[in-house]
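Q: What follows is a structure written as C-alpha coordinates; I'll ask about it next.
The values are calculated or read from the model by the stated rules, or taken from the named source; none is laboratory data. In this text, all values refer to a predicted model and were calculated from it rather than measured experimentally. Cβ placement follows ideal geometry from the backbone for every residue including glycine, while neighbour counts extend to all protein chains displayed. Ligands, DNA and RNA are stripped out before the accessible areas are found, and what is left, the full protein with its side chains, is counted by its heavy atoms. Shrake-Rupley method; radii C 1.70, N 1.55, O 1.52, S 1.80 Å.
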Amino acid sequence: SDGLSDSRTRVIVGDVGYDEEEGDGVPANARTHAEFDDEYYYRRAANTSPPPMSADSPHEEEGYPSSSVAVREDAGIHHAVDDDGAAVARIVSPDEIMEEEAEFDDIPMAMDFAPKEAVPFRKTRRCRVFAAVGLCLIVAVVAAAVAGTAAGKKKKGDVPPPEPTPEPTPEPTPPYYLDTVGEYLTARVGERVNEAGTPYNDALVWIEDVDPLNRTARDDDLLMRRYLLAVQYYSTVREGGDGWAHCGASDPPSSGDGTCEGIFDHQGKETGPYPSKEWLSGADECEWMGVKCAGEAIVNIVLVENNLDGTLVPEIYNITTLQELVVRANPLLTGPIPAEYGLMPSMLQLAFNSNGLTGSLPPQLYDIETLQVLVLYNNDLTGTLPAPPAGSWPRMETLALGRNALSGDIPATLGDLPRIRDVDFFNNTFSGPIPPGLGDAKSLEKLFLELNSLTGAMPPEICNLRSPNGGLITLQVDCAEVECSCCTNC
(Lines give C-alpha, C1' and ligand atoms only; values in the text may rest on other atoms or scores of the structure.)
Protein backbone atom coordinates (compact mmCIF):
# COMPACT_ATOMS: atom_id res chain seq x y z
CA SER A 1 0.00 0.00 0.00
CA ASP A 2 3.01 2.29 0.33
CA GLY A 3 4.19 1.82 -3.24
CA LEU A 4 6.34 -1.27 -2.76
CA SER A 5 6.05 -4.19 -5.15
CA ASP A 6 5.00 -7.63 -3.88
CA SER A 7 8.60 -8.80 -4.07
CA ARG A 8 9.74 -6.28 -1.59
CA THR A 9 10.56 -7.40 1.94
CA ARG A 10 10.16 -5.43 5.20
CA VAL A 11 13.10 -5.67 7.59
CA ILE A 12 12.98 -4.44 11.18
CA VAL A 13 16.24 -3.85 12.97
CA GLY A 14 16.53 -2.97 16.67
CA ASP A 15 14.60 -3.64 19.90
CA VAL A 16 11.02 -4.72 19.75
CA GLY A 17 8.70 -4.02 22.71
CA TYR A 18 6.54 -6.94 23.81
CA ASP A 19 3.61 -7.00 26.23
CA GLU A 20 3.84 -10.28 28.15
CA GLU A 21 0.27 -10.04 29.51
CA GLU A 22 -1.48 -9.03 26.30
CA GLY A 23 0.68 -11.11 23.93
CA ASP A 24 1.02 -8.30 21.36
CA GLY A 25 4.21 -7.11 19.72
CA VAL A 26 4.48 -3.29 19.58
CA PRO A 27 7.29 -1.05 18.38
CA ALA A 28 9.58 0.39 21.05
CA ASN A 29 11.30 3.76 20.95
CA ALA A 30 14.64 2.29 19.93
CA ARG A 31 13.28 0.48 16.89
CA THR A 32 14.58 0.71 13.28
CA HIS A 33 12.50 -0.22 10.21
CA ALA A 34 13.81 -0.65 6.72
CA GLU A 35 12.28 -1.76 3.50
CA PHE A 36 14.25 -2.72 0.40
CA ASP A 37 14.13 -4.58 -2.94
CA ASP A 38 16.49 -5.22 -5.76
CA GLU A 39 16.73 -1.53 -6.64
CA TYR A 40 15.93 0.54 -3.56
CA TYR A 41 16.72 0.63 0.10
CA TYR A 42 14.37 2.21 2.44
CA ARG A 43 15.26 3.19 5.95
CA ARG A 44 13.47 4.73 8.86
CA ALA A 45 15.06 5.58 12.14
CA ALA A 46 12.40 5.91 14.81
CA ASN A 47 14.89 6.63 17.56
CA THR A 48 15.71 10.08 16.24
CA SER A 49 14.25 13.26 17.59
CA PRO A 50 11.44 14.86 15.62
CA PRO A 51 12.75 17.05 12.78
CA PRO A 52 12.37 20.79 12.87
CA MET A 53 9.00 22.00 11.75
CA SER A 54 8.56 23.62 8.34
CA ALA A 55 7.42 27.20 8.26
CA ASP A 56 4.08 26.30 6.75
CA SER A 57 3.25 23.53 9.24
CA PRO A 58 -0.13 23.98 10.92
CA HIS A 59 1.23 22.04 13.97
CA GLU A 60 4.39 24.00 14.44
CA GLU A 61 3.45 25.20 17.87
CA GLU A 62 2.98 21.63 19.07
CA GLY A 63 6.41 20.43 17.89
CA TYR A 64 5.12 18.12 15.17
CA PRO A 65 5.63 18.25 11.36
CA SER A 66 2.90 19.40 9.06
CA SER A 67 0.71 17.13 6.96
CA SER A 68 3.20 17.47 4.06
CA VAL A 69 6.31 15.45 4.47
CA ALA A 70 9.16 17.47 5.88
CA VAL A 71 12.55 16.26 4.89
CA ARG A 72 15.97 17.31 6.11
CA GLU A 73 19.45 15.96 5.89
CA ASP A 74 21.38 15.25 9.07
CA ALA A 75 24.88 13.79 8.75
CA GLY A 76 23.99 12.18 5.48
CA ILE A 77 20.83 10.54 6.85
CA HIS A 78 17.58 11.53 5.30
CA HIS A 79 14.56 11.65 7.62
CA ALA A 80 10.96 12.09 6.78
CA VAL A 81 7.91 12.43 8.98
CA ASP A 82 4.37 11.76 7.79
CA ASP A 83 1.13 13.42 8.88
CA ASP A 84 0.89 11.28 12.03
CA GLY A 85 4.32 12.17 13.26
CA ALA A 86 5.74 8.75 12.29
CA ALA A 87 9.01 8.34 10.45
CA VAL A 88 8.75 7.15 6.79
CA ALA A 89 11.28 5.90 4.29
CA ARG A 90 12.42 7.99 1.31
CA ILE A 91 13.78 6.62 -1.98
CA VAL A 92 17.50 7.13 -2.19
CA SER A 93 20.05 6.24 -4.87
CA PRO A 94 22.62 3.47 -4.52
CA ASP A 95 25.40 6.01 -4.31
CA GLU A 96 23.81 7.71 -1.40
CA ILE A 97 23.47 4.39 0.30
CA MET A 98 27.12 3.57 -0.14
CA GLU A 99 28.14 6.96 1.20
CA GLU A 100 25.97 6.52 4.29
CA GLU A 101 27.31 3.02 4.90
CA ALA A 102 30.85 4.30 4.77
CA GLU A 103 30.09 7.05 7.30
CA PHE A 104 28.01 4.90 9.63
CA ASP A 105 29.73 1.57 9.86
CA ASP A 106 28.43 1.12 13.34
CA ILE A 107 24.86 0.81 12.10
CA PRO A 108 24.10 -2.89 12.07
CA MET A 109 22.72 -4.51 9.02
CA ALA A 110 19.05 -5.08 8.95
CA MET A 111 18.23 -8.52 10.06
CA ASP A 112 15.20 -10.62 9.92
CA PHE A 113 13.03 -10.46 13.05
CA ALA A 114 10.16 -12.65 13.76
CA PRO A 115 7.75 -11.18 16.37
CA LYS A 116 7.32 -13.28 19.47
CA GLU A 117 4.18 -15.30 19.35
CA ALA A 118 1.38 -13.97 21.54
CA VAL A 119 0.75 -15.75 24.89
CA PRO A 120 -2.50 -17.70 24.82
CA PHE A 121 -5.32 -15.89 26.65
CA ARG A 122 -5.80 -18.81 29.05
CA LYS A 123 -2.34 -18.09 30.51
CA THR A 124 -2.81 -14.36 31.04
CA ARG A 125 -3.65 -12.57 34.32
CA ARG A 126 -6.93 -11.40 32.88
CA CYS A 127 -7.95 -15.00 32.32
CA ARG A 128 -7.08 -15.88 35.92
CA VAL A 129 -9.17 -12.96 37.26
CA PHE A 130 -12.14 -13.95 35.12
CA ALA A 131 -11.81 -17.57 36.27
CA ALA A 132 -11.75 -16.57 39.98
CA VAL A 133 -14.82 -14.34 39.62
CA GLY A 134 -16.65 -17.04 37.77
CA LEU A 135 -15.83 -19.64 40.41
CA CYS A 136 -17.15 -17.35 43.17
CA LEU A 137 -20.38 -16.84 41.26
CA ILE A 138 -20.81 -20.59 40.81
CA VAL A 139 -20.27 -21.23 44.54
CA ALA A 140 -22.77 -18.49 45.47
CA VAL A 141 -25.39 -19.90 43.12
CA VAL A 142 -24.94 -23.43 44.46
CA ALA A 143 -25.18 -22.24 48.09
CA ALA A 144 -28.35 -20.27 47.35
CA ALA A 145 -29.87 -23.29 45.64
CA VAL A 146 -29.12 -25.55 48.61
CA ALA A 147 -30.58 -23.03 51.08
CA GLY A 148 -33.68 -22.61 48.94
CA THR A 149 -34.17 -26.35 48.75
CA ALA A 150 -33.88 -26.71 52.53
CA ALA A 151 -36.31 -23.85 53.11
CA GLY A 152 -38.77 -25.36 50.66
CA LYS A 153 -38.78 -28.65 52.53
CA LYS A 154 -39.43 -26.95 55.90
CA LYS A 155 -43.15 -26.85 56.57
CA LYS A 156 -44.92 -23.90 58.07
CA GLY A 157 -45.00 -24.11 61.86
CA ASP A 158 -42.17 -26.62 62.08
CA VAL A 159 -40.11 -26.08 65.20
CA PRO A 160 -36.61 -27.50 65.53
CA PRO A 161 -36.34 -30.10 68.24
CA PRO A 162 -35.29 -28.59 71.57
CA GLU A 163 -31.82 -29.16 72.79
CA PRO A 164 -31.65 -31.76 75.52
CA THR A 165 -31.76 -30.27 79.00
CA PRO A 166 -28.53 -30.95 80.83
CA GLU A 167 -28.79 -32.94 84.00
CA PRO A 168 -28.77 -30.64 87.05
CA THR A 169 -25.68 -30.71 89.15
CA PRO A 170 -26.55 -32.61 92.31
CA GLU A 171 -26.14 -30.71 95.53
CA PRO A 172 -23.33 -31.92 97.72
CA THR A 173 -24.35 -34.36 100.40
CA PRO A 174 -24.56 -32.58 103.79
CA PRO A 175 -21.82 -33.88 106.05
CA TYR A 176 -24.27 -34.81 108.81
CA TYR A 177 -25.93 -37.38 106.50
CA LEU A 178 -23.08 -39.71 107.38
CA ASP A 179 -23.55 -39.17 111.11
CA THR A 180 -25.23 -41.63 113.39
CA VAL A 181 -28.35 -40.45 115.21
CA GLY A 182 -26.29 -39.94 118.36
CA GLU A 183 -23.66 -37.87 116.54
CA TYR A 184 -26.30 -35.74 114.84
CA LEU A 185 -28.24 -35.02 118.04
CA THR A 186 -25.08 -34.35 120.01
CA ALA A 187 -24.06 -31.72 117.46
CA ARG A 188 -27.49 -30.07 117.65
CA VAL A 189 -28.29 -30.34 121.36
CA GLY A 190 -25.01 -30.85 123.19
CA GLU A 191 -23.22 -33.43 125.29
CA ARG A 192 -26.19 -33.85 127.63
CA VAL A 193 -27.59 -36.20 124.98
CA ASN A 194 -25.05 -38.78 126.16
CA GLU A 195 -25.52 -38.31 129.92
CA ALA A 196 -27.16 -41.49 131.18
CA GLY A 197 -30.22 -41.11 133.38
CA THR A 198 -31.24 -37.72 131.90
CA PRO A 199 -34.36 -37.09 129.80
CA TYR A 200 -32.04 -36.25 126.89
CA ASN A 201 -30.36 -39.64 126.98
CA ASP A 202 -33.64 -41.48 127.59
CA ALA A 203 -35.06 -39.90 124.44
CA LEU A 204 -31.93 -40.89 122.47
CA VAL A 205 -32.26 -44.51 123.56
CA TRP A 206 -35.91 -44.52 122.52
CA ILE A 207 -35.12 -43.00 119.10
CA GLU A 208 -32.28 -45.45 118.40
CA ASP A 209 -33.63 -48.68 119.94
CA VAL A 210 -37.43 -48.52 120.23
CA ASP A 211 -38.99 -46.05 117.77
CA PRO A 212 -40.31 -48.06 114.80
CA LEU A 213 -40.02 -45.06 112.43
CA ASN A 214 -36.24 -45.47 112.48
CA ARG A 215 -35.49 -41.82 111.77
CA THR A 216 -31.91 -41.11 110.72
CA ALA A 217 -29.70 -38.07 110.37
CA ARG A 218 -30.92 -37.71 106.79
CA ASP A 219 -34.37 -36.80 108.20
CA ASP A 220 -32.78 -33.71 109.75
CA ASP A 221 -35.56 -31.51 111.23
CA LEU A 222 -38.05 -34.40 111.35
CA LEU A 223 -35.62 -36.36 113.50
CA MET A 224 -34.90 -33.29 115.63
CA ARG A 225 -38.52 -32.46 116.45
CA ARG A 226 -39.44 -36.07 117.23
CA TYR A 227 -36.46 -36.28 119.55
CA LEU A 228 -37.37 -32.99 121.32
CA LEU A 229 -40.95 -34.12 121.94
CA ALA A 230 -39.57 -37.31 123.44
CA VAL A 231 -37.30 -35.20 125.66
CA GLN A 232 -40.32 -33.13 126.79
CA TYR A 233 -42.18 -36.32 127.63
CA TYR A 234 -39.31 -37.78 129.67
CA SER A 235 -38.83 -34.36 131.36
CA THR A 236 -42.39 -34.46 132.75
CA VAL A 237 -42.52 -38.08 133.89
CA ARG A 238 -40.71 -38.74 137.13
CA GLU A 239 -39.48 -42.21 137.97
CA GLY A 240 -41.95 -43.80 140.32
CA GLY A 241 -44.60 -41.17 139.54
CA ASP A 242 -48.07 -41.72 138.20
CA GLY A 243 -47.19 -40.61 134.71
CA TRP A 244 -49.42 -38.62 132.39
CA ALA A 245 -53.15 -38.68 132.98
CA HIS A 246 -53.96 -38.96 129.26
CA CYS A 247 -52.19 -40.58 126.33
CA GLY A 248 -48.80 -41.03 127.95
CA ALA A 249 -46.41 -43.62 126.62
CA SER A 250 -46.81 -47.23 127.58
CA ASP A 251 -44.32 -48.61 130.06
CA PRO A 252 -42.17 -49.57 128.31
CA PRO A 253 -43.04 -47.27 125.36
CA SER A 254 -45.07 -48.99 122.68
CA SER A 255 -43.59 -49.64 119.28
CA GLY A 256 -47.11 -50.00 117.85
CA ASP A 257 -49.86 -47.49 117.16
CA GLY A 258 -50.70 -46.95 120.87
CA THR A 259 -54.24 -45.56 120.71
CA CYS A 260 -55.72 -43.53 123.59
CA GLU A 261 -58.54 -41.15 124.51
CA GLY A 262 -57.83 -37.44 124.43
CA ILE A 263 -60.05 -34.90 126.20
CA PHE A 264 -58.67 -31.46 125.22
CA ASP A 265 -58.47 -29.94 121.76
CA HIS A 266 -55.63 -27.87 120.35
CA GLN A 267 -56.95 -24.73 122.11
CA GLY A 268 -56.99 -26.42 125.51
CA LYS A 269 -60.75 -26.72 125.63
CA GLU A 270 -62.32 -29.87 127.02
CA THR A 271 -64.20 -31.66 124.27
CA GLY A 272 -64.76 -35.07 125.81
CA PRO A 273 -62.96 -38.28 124.90
CA TYR A 274 -61.82 -38.60 121.28
CA PRO A 275 -59.53 -41.15 119.64
CA SER A 276 -55.88 -40.16 119.62
CA LYS A 277 -52.41 -41.70 119.68
CA GLU A 278 -50.07 -42.18 122.59
CA TRP A 279 -46.90 -40.18 122.90
CA LEU A 280 -43.82 -42.20 121.91
CA SER A 281 -45.97 -44.58 119.87
CA GLY A 282 -45.02 -45.66 116.39
CA ALA A 283 -47.41 -43.10 114.89
CA ASP A 284 -46.18 -39.86 113.36
CA GLU A 285 -45.77 -37.23 116.08
CA CYS A 286 -48.44 -35.08 114.38
CA GLU A 287 -50.95 -37.75 115.53
CA TRP A 288 -49.90 -37.70 119.18
CA MET A 289 -52.47 -36.22 121.55
CA GLY A 290 -52.24 -32.42 121.84
CA VAL A 291 -49.92 -32.02 118.83
CA LYS A 292 -51.33 -30.23 115.82
CA CYS A 293 -49.58 -29.93 112.47
CA ALA A 294 -50.11 -27.92 109.32
CA GLY A 295 -48.74 -30.22 106.66
CA GLU A 296 -45.49 -31.47 108.13
CA ALA A 297 -45.02 -28.40 110.36
CA ILE A 298 -45.89 -28.60 114.07
CA VAL A 299 -47.88 -25.47 114.96
CA ASN A 300 -49.55 -26.31 118.32
CA ILE A 301 -48.63 -28.26 121.45
CA VAL A 302 -51.38 -28.38 124.11
CA LEU A 303 -50.93 -30.32 127.36
CA VAL A 304 -53.76 -29.44 129.76
CA GLU A 305 -54.56 -31.11 133.11
CA ASN A 306 -52.33 -34.04 132.26
CA ASN A 307 -50.38 -34.43 135.49
CA LEU A 308 -47.09 -33.27 133.99
CA ASP A 309 -44.44 -33.66 136.66
CA GLY A 310 -41.16 -31.96 135.85
CA THR A 311 -39.90 -28.96 133.88
CA LEU A 312 -40.22 -27.26 130.51
CA VAL A 313 -37.54 -28.16 127.95
CA PRO A 314 -35.57 -25.14 126.63
CA GLU A 315 -34.70 -26.85 123.32
CA ILE A 316 -38.34 -26.79 122.22
CA TYR A 317 -37.46 -23.45 120.61
CA ASN A 318 -35.80 -25.47 117.82
CA ILE A 319 -39.28 -26.32 116.55
CA THR A 320 -39.32 -23.03 114.69
CA THR A 321 -42.81 -23.51 113.20
CA LEU A 322 -44.47 -23.62 116.63
CA GLN A 323 -47.17 -20.96 117.07
CA GLU A 324 -48.93 -21.98 120.31
CA LEU A 325 -47.47 -23.65 123.38
CA VAL A 326 -50.19 -24.24 125.98
CA VAL A 327 -49.18 -26.13 129.12
CA ARG A 328 -51.63 -25.32 131.90
CA ALA A 329 -53.25 -26.81 134.99
CA ASN A 330 -50.29 -29.03 135.80
CA PRO A 331 -49.38 -28.09 139.40
CA LEU A 332 -46.35 -30.39 139.42
CA LEU A 333 -44.77 -28.56 136.51
CA THR A 334 -42.09 -26.45 138.13
CA GLY A 335 -38.87 -24.64 137.34
CA PRO A 336 -38.27 -21.42 135.38
CA ILE A 337 -39.64 -20.29 132.07
CA PRO A 338 -36.75 -20.97 129.65
CA ALA A 339 -35.17 -17.78 128.31
CA GLU A 340 -34.61 -19.66 125.02
CA TYR A 341 -38.33 -19.32 124.31
CA GLY A 342 -37.54 -15.77 123.28
CA LEU A 343 -35.94 -17.28 120.15
CA MET A 344 -39.21 -18.67 118.79
CA PRO A 345 -39.74 -16.81 115.51
CA SER A 346 -43.38 -17.80 114.91
CA MET A 347 -44.86 -17.90 118.41
CA LEU A 348 -48.29 -16.30 118.85
CA GLN A 349 -49.35 -17.60 122.28
CA LEU A 350 -47.48 -18.77 125.36
CA ALA A 351 -49.88 -19.99 128.05
CA PHE A 352 -48.38 -21.50 131.22
CA ASN A 353 -51.12 -20.63 133.71
CA SER A 354 -52.02 -22.66 136.79
CA ASN A 355 -48.73 -24.49 137.07
CA GLY A 356 -45.95 -24.34 139.64
CA LEU A 357 -43.42 -22.32 137.61
CA THR A 358 -40.85 -20.33 139.54
CA GLY A 359 -38.26 -17.64 138.86
CA SER A 360 -38.76 -14.29 137.17
CA LEU A 361 -40.10 -13.26 133.80
CA PRO A 362 -37.27 -13.61 131.24
CA PRO A 363 -36.71 -10.29 129.44
CA GLN A 364 -35.85 -12.31 126.31
CA LEU A 365 -39.59 -12.86 125.82
CA TYR A 366 -39.80 -9.24 124.64
CA ASP A 367 -37.85 -10.38 121.57
CA ILE A 368 -40.79 -12.40 120.22
CA GLU A 369 -42.18 -9.87 117.76
CA THR A 370 -45.07 -12.13 116.75
CA LEU A 371 -46.31 -12.75 120.30
CA GLN A 372 -49.95 -11.78 120.92
CA VAL A 373 -50.84 -13.57 124.17
CA LEU A 374 -48.72 -14.20 127.27
CA VAL A 375 -50.61 -15.91 130.10
CA LEU A 376 -48.59 -16.73 133.23
CA TYR A 377 -51.48 -16.44 135.62
CA ASN A 378 -51.40 -18.43 138.87
CA ASN A 379 -47.79 -19.53 139.17
CA ASP A 380 -45.04 -18.82 141.68
CA LEU A 381 -43.11 -16.19 139.69
CA THR A 382 -41.10 -13.65 141.64
CA GLY A 383 -38.91 -10.63 140.99
CA THR A 384 -39.64 -7.40 139.17
CA LEU A 385 -41.31 -6.96 135.82
CA PRO A 386 -38.72 -5.83 133.22
CA ALA A 387 -39.72 -2.71 131.31
CA PRO A 388 -40.51 -3.43 127.64
CA PRO A 389 -37.85 -1.95 125.33
CA ALA A 390 -39.01 0.58 122.78
CA GLY A 391 -40.64 -1.10 119.82
CA SER A 392 -41.07 -4.48 121.48
CA TRP A 393 -44.23 -6.61 121.36
CA PRO A 394 -45.86 -4.73 118.48
CA ARG A 395 -48.71 -7.29 118.35
CA MET A 396 -49.21 -7.97 122.05
CA GLU A 397 -52.89 -7.92 123.08
CA THR A 398 -53.15 -9.89 126.37
CA LEU A 399 -50.67 -9.78 129.26
CA ALA A 400 -51.91 -11.85 132.22
CA LEU A 401 -49.52 -12.04 135.18
CA GLY A 402 -52.06 -12.25 138.03
CA ARG A 403 -51.70 -14.49 141.09
CA ASN A 404 -47.91 -14.45 141.25
CA ALA A 405 -45.44 -12.78 143.59
CA LEU A 406 -44.08 -10.09 141.24
CA SER A 407 -42.91 -6.91 142.94
CA GLY A 408 -41.57 -3.43 142.30
CA ASP A 409 -42.93 -0.65 140.13
CA ILE A 410 -45.27 -1.15 137.21
CA PRO A 411 -43.27 -0.17 134.08
CA ALA A 412 -44.64 3.00 132.49
CA THR A 413 -43.54 1.83 129.00
CA LEU A 414 -46.31 -0.78 129.03
CA GLY A 415 -48.44 2.09 127.70
CA ASP A 416 -46.30 2.09 124.53
CA LEU A 417 -47.61 -1.32 123.43
CA PRO A 418 -49.71 -0.27 120.42
CA ARG A 419 -52.26 -3.10 120.51
CA ILE A 420 -52.51 -3.98 124.20
CA ARG A 421 -56.10 -4.59 125.32
CA ASP A 422 -56.01 -6.68 128.51
CA VAL A 423 -53.58 -6.19 131.41
CA ASP A 424 -54.02 -8.36 134.50
CA PHE A 425 -51.66 -7.71 137.43
CA PHE A 426 -54.17 -8.89 140.02
CA ASN A 427 -52.85 -10.28 143.33
CA ASN A 428 -49.12 -9.52 143.15
CA THR A 429 -46.96 -7.27 145.31
CA PHE A 430 -46.44 -4.34 142.94
CA SER A 431 -45.85 -1.11 144.83
CA GLY A 432 -45.58 2.63 144.29
CA PRO A 433 -47.80 4.95 142.30
CA ILE A 434 -49.61 3.91 139.15
CA PRO A 435 -47.62 5.35 136.21
CA PRO A 436 -49.51 7.93 134.07
CA GLY A 437 -47.80 6.39 131.03
CA LEU A 438 -50.36 3.59 131.08
CA GLY A 439 -52.78 6.19 129.76
CA ASP A 440 -50.89 6.10 126.43
CA ALA A 441 -52.36 2.65 125.75
CA LYS A 442 -55.29 3.92 123.67
CA SER A 443 -56.47 0.41 122.84
CA LEU A 444 -56.72 -0.66 126.51
CA GLU A 445 -60.04 -2.32 127.46
CA LYS A 446 -59.32 -4.08 130.79
CA LEU A 447 -56.91 -3.15 133.59
CA PHE A 448 -56.77 -5.22 136.80
CA LEU A 449 -54.57 -3.72 139.56
CA GLU A 450 -56.26 -4.80 142.80
CA LEU A 451 -54.62 -6.77 145.60
CA ASN A 452 -51.24 -5.08 145.25
CA SER A 453 -49.42 -2.47 147.33
CA LEU A 454 -50.00 0.51 145.06
CA THR A 455 -50.40 4.04 146.43
CA GLY A 456 -51.49 7.52 145.35
CA ALA A 457 -54.33 8.37 143.00
CA MET A 458 -55.42 7.00 139.65
CA PRO A 459 -53.77 9.21 136.99
CA PRO A 460 -56.26 11.27 134.95
CA GLU A 461 -54.53 9.96 131.78
CA ILE A 462 -55.92 6.53 132.61
CA CYS A 463 -59.36 7.87 133.62
CA ASN A 464 -59.55 9.60 130.24
CA LEU A 465 -59.52 6.14 128.64
CA ARG A 466 -62.91 5.44 130.15
CA SER A 467 -66.06 5.86 128.12
CA PRO A 468 -67.05 8.09 126.40
CA ASN A 469 -63.44 9.23 125.70
CA GLY A 470 -61.98 5.76 125.23
CA GLY A 471 -62.65 2.04 125.20
CA LEU A 472 -61.54 1.17 128.74
CA ILE A 473 -64.37 -1.00 130.05
CA THR A 474 -62.95 -2.50 133.25
CA LEU A 475 -60.70 -0.64 135.72
CA GLN A 476 -60.11 -2.24 139.12
CA VAL A 477 -57.81 -1.12 141.96
CA ASP A 478 -57.65 -1.19 145.79
CA CYS A 479 -59.62 1.95 146.49
CA ALA A 480 -58.54 1.90 150.15
CA GLU A 481 -54.94 2.58 149.07
CA VAL A 482 -55.50 4.32 145.73
CA GLU A 483 -57.87 7.24 145.22
CA CYS A 484 -59.94 6.51 142.12
CA SER A 485 -63.05 8.26 140.88
CA CYS A 486 -63.21 6.46 137.56
CA CYS A 487 -62.76 2.81 138.65
CA THR A 488 -65.44 0.26 137.87
CA ASN A 489 -64.82 -1.76 141.04
CA CYS A 490 -63.18 -0.91 144.35
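Q: Going by what's in this entry, would Pro418 be described as over 20 Å from Asp380 (Cβ atoms) and either among the hydrophobic types (A, V, I, L, M, F, W, C) or open to solvent by 30 Å² or more (accessible area, probe 1.4 Å) (or both)?
A: So Pro418 passes the test.
Q: Sticking with this structure for a sec: Give the residues of the range 459-490 that are assigned to a strand (DSSP E or B) and of a type in the set (A, V, I, L, M, F, W, C), sorted by residue number.
A: Leu472, Leu475, Val482
Q: Still on this structure: Go through the residues of the range 400-412 one by one and say whether even a single one is of a type outside the set (Phe, Trp, Tyr), within 19 Å of Gly342 (Cβ to Cβ) and within 44 Å of the chain's Cα centre (by Cα).
A: The answer is no; no qualifying residue exists.
Q: Related question: Does the range 246-259 contain any residue that is over 30 Å from Leu385 (Cβ atoms), among the aliphatic types (A, V, I, L, M) and either open to solvent by 70 Å² or more (accessible area, probe 1.4 Å) or part of a strand (DSSP E or B) (or both)?
A: no
Q: Go through the range 423-444 and report how many residues are farther than 18 Å from Pro459 by Cα, assigned to a strand (DSSP E or B) and touching an Asp or Glu at 6+ places or on another chain (Cβ under 9 Å).
A: Going through the range 423-444 one residue at a time, the tally reaches 0.
Q: Further question on the same structure: Determine the pairs where a residue that is closer than 15 Å to Cys247 by Cα, located within the range 291-312, has a partner that is at pLDDT 95 or above and surrounded by fewer than 17 Cβ atoms within 10 Å (Cβ to Cβ) with Cβ atoms under 6 Å apart, the partner being 6 or more residues away or on another chain.
A: Pairs found: Asp309/Leu332.
Q: Give the residue, chosen from Pro394, Pro460, Pro433, Pro468, that is closer than 23 Å to Ala351 by Cβ and open to solvent by 10 Å² or more (accessible area, probe 1.4 Å).
A: Pro394
Q: Kindly evaluate Asn452 against the criterion of being open to solvent by less than 40 Å² (accessible area, probe 1.4 Å), farther than 21 Å from Tyr341 by Cβ, without any contact (Cβ under 8 Å) to a residue 40 or more places away in the chain and out of contact with any helix residue (DSSP H, G or I) (no Cβ under 6 Å at 6 or more places or on another chain).
A: The answer is yes for Asn452.
Q: Go through (1) closer than 24 Å to Pro331 by Cβ; (2) buried (at least 20 other Cβ atoms within 10 Å of the Cβ); (3) at pLDDT 95 or above; (4) of a type outside the set (A, V, I, L, M, F, W, C) for Thr198 and report which single condition fails.
A: (2)
Q: Next question. Could you check Gly470 against (1) modelled with pLDDT under 95; (2) in contact with a strand residue (DSSP E or B) (Cβ under 8 Å, 6 or more places away or on another chain) and say which number it fails?
A: The one condition Gly470 does not meet is (2).
Q: Which strands (runs of 3 or more DSSP E) does the range 345-405 wholly contain that include 1 or more residues that are closer than 16 Å to Pro331 by Cβ and in contact (Cβ under 8 Å) with a residue 60 or more places away in the chain?
A: Once the strands (runs of 3 or more DSSP E) in the range 345-405 are filtered for at least 1 residues that are closer than 16 Å to Pro331 by Cβ and in contact (Cβ under 8 Å) with a residue 60 or more places away in the chain, what remains is 349-351.
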